[in-house]
Structures are given as structure tokens and as C-alpha cells.
Amino acid sequence: MIKNLRVPAKHVEQIVRIALAEDLAARDVTTEALIPFRLEGKASILVKRDGVLAGVDVAKEVFRQVDHSLRFRALCKDGAKIKKGNVVAIVEGKVASILKAERTALNFLQHLSGIATETARYVDAVSETKAVIADTRKTTPGLRLLEKYAVRAGGGKNHRLNLGDGVLIKDNHLMAVRSSGLKLADAVEKARRRSLRNVKIEVEVESLKQAREALSAGADIIMLDNMKVKDMRQVVELVRGRAVLEASGGITLDNVRSVAKTGVNLISVGALTHSAKALDISLELELG
């Protein structure tokens, strides 16, 4: 598990720069044709559906890069529960600049707040159990740091940030290893010998038999992949705290509480990042 993940300012600057270049904000032909350069106004960033906020600083950076003279004032912080009708930020300055930045800023806010909101729903669903909700590496290419930050804003935890953050021996790894005549215990021992000290060794299993083998091999974490709830209970009884148990695969809001009540420690949910619905947020312009 990754703790205290922060998104470096330089990373945010880079992502915003790419997004603005993609939107050709510097060549907004509509705004340049219609809006007087010196016209000033104020815009409110308005929430249109209840949720959890994430991405305020990213939106601020969008407006800053478009026009450093714009004045951005956040009224809510990331992680805040927001209601329909809440104004989360105010932007003041040149109307042309506000309009050029609008869509890119809202894209970030809507997407990241959608992830935070979905995460919070899962976290609430497992309340009063010991299970922790975590994300996966099923993220939008290039946006992983921001999306994992949004998961944290929603009350979830981050699993591996990248392939270097821990050993995870999955079915395809085992197939390749076994083709060389090695067993799971050999794979775990080899991974531990060749990895940095303190790196956790996780093994993916699909049955009680495989879980027993992973435990005997000395796995630190055992991932229960697409396992039925009744089978998860058997693994929990088998392991009795001797390894961290992670449930993964096929997790939904409908079944996550049942999974949590089996006694697993961690529930990883790819849908937090790859399927979260954007939160409806708009920008309302005021003149004079």
C-alpha cells in the first residue's frame, strides 16, 4: 500500500500543459472573434450533483497557465462532501481567458471528482468492517498520479503505483515460471531474493488449494481473484492473519459489503478509476 501519495507540482504543470495544447486553448477562434480582449467578469464553478470534490488545484493551474492574471479562489477543499448547488471556486479576470480555460479545467474537476465520489460510495459500503478499499493500476494512461490522488480524496487507499512498487505474481507469471520447472514456492523465494529489502511479495490465487500453497510459500499478501464469498471465508479461516488478504475481481457496490464481511483486509476495485462517472460540474459566467 502506498502512503501519503502527493502529486508533485511539476507533474500537474506538465499534465495541464499537455491538456491545454490538446484543446488548442491559445487559438480559441470563437472567443477571439467575439469577446473583447479587455472585457472582465467573474465565473462561479458550480456543482450540479452531490459528490466528493477532487482536482481543485489542477483546475487552478489550468486558469493560471492560460492567464496568470486570473484570480482563482477555492471555496472548498479536495475531499469535501459537496452538494448540488454548491459553488466550489470563483474565477475573476478577463472573460476571454476564463472561456479558454473553462473546458479543460472542468474536464479535470469532473473526472477527478467522479473518481473521488465513486470511491466514497465504496468506502461507505464497507463501513464498520476492517476492509480497506483500494485502487488498481487500471488507470487512464498519463493520469495515474491524479486518479490515484482522487481515490485518496474519496477516502480510499492506493495499491501499487507502478510495477516497481511491489512483487505481484499473477497467473501468467506462474505459467511462465512453471514452464521452467519451478513451483510457486520457488517463484516466491526467487522474487524475494532478487527484490529490494522490505518489498512485499503478493501472489494471486483462485482457489483454497492455491491459497494454501501461497501461504506455505511465504507470500506476504494473497490476492483472492474472482473468488466466491464462501470460498473467501474459507481462505480467511485458513490464513488466520498470517498474510494480508486482498479480494479483487468482480467487485461491485452490490457485493462489496458481503466481501468485506468475510474478513479480508483489502478490497481492490478497478472500477474506481476505469469506470467512475464524471461528476456534473459547470462554470457560470457573470458580467458587470
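The values are calculated or read from the model by the stated rules, or taken from the named source; none is laboratory data. Since we're looking at a predicted model, the values are computed, not measured. Here the Cβ positions follow ideal geometry from the backbone for every residue, glycine too, while neighbour counts run over all protein chains shown.
The helices (runs of 4 or more DSSP H) found entirely in segment 205-270 include none that carry 2 or more residues being hydroxyl-bearing (Ser, Thr, Tyr) and loosely packed, with under 15 Cβ neighbours inside 10 Å. Residues satisfying the criterion are absent from segment 40-51 (criterion: out of contact with any His (no Cβ under 6 Å at 6 or more places or on another chain), within 30 Å of Lys200 (Cβ to Cβ) and modelled with pLDDT of 95 or more). Residue-level analysis places Gly263 outside the set of residues that are among the small types (Gly, Ala, Ser) and at pLDDT below 95.
Considering segment 168-190, the residues that are surrounded by 17 or more Cβ atoms within 10 Å (Cβ to Cβ) and at pLDDT 90 or above include one that is nearest to Glu246 (Cα to Cα), namely Leu168.
Considering (1) in a helix (DSSP H, G or I); (2) closer than 19 Å to Leu285 by Cβ, the lone condition that Lys42 does not fulfil carries the number (1).
Considering only residues in segment 271-288 that are among the hydroxyl-bearing types (Ser, Thr, Tyr) and surrounded by fewer than 16 Cβ atoms within 10 Å (Cβ to Cβ), the one that is modelled with the highest pLDDT turns out to be Ser282.
Reported count of residues in segment 64-89, each being crowded, with 16+ Cβ neighbours inside 10 Å, aliphatic (A, V, I, L, M) and not in a strand (DSSP E or B), is 3. Just one of the listed residues (Glu61, Glu32) is over 19 Å from the mean Cα position of the chain (by Cα), surrounded by 11 or more Cβ atoms within 10 Å (Cβ to Cβ), modelled with pLDDT under 95 and assigned to a helix (DSSP H, G or I), and it is Glu32. If we scan segment 105-112, do we find a residue that is touching a residue at least 24 places away in the same chain (Cβ under 8 Å) and surrounded by fewer than 15 Cβ atoms within 10 Å (Cβ to Cβ)? No - not one qualifying residue is present in segment 105-112.
Restricting the first member to segment 144-160 and to residues that are closer than 22 Å to Val16 by Cβ, and the second to residues that are at pLDDT below 95 and β-branched (Val, Ile, Thr), the beta-carbon pairs closer than 8 Å and six or more apart or on different chains are Leu145/Val7; Leu146/Val7; Lys148/Ile2; Tyr149/Val7; Asn158/Ile2.
Glu92 falls short of the stated requirement of being among the acidic types (Asp, Glu), assigned to a helix (DSSP H, G or I), assigned by TED's automatic domain parsing to the domain that holds Glu22 and more than 30 Å from Val259 (Cβ to Cβ). Residues in segment 140-177 that are touching a strand residue (DSSP E or B) at 6+ places or on another chain (Cβ under 6 Å), within 15 Å of Leu272 (Cα to Cα) and not in a helix (DSSP H, G or I): Gly154, Gly156, Lys157, Asn158, His159, Leu161.
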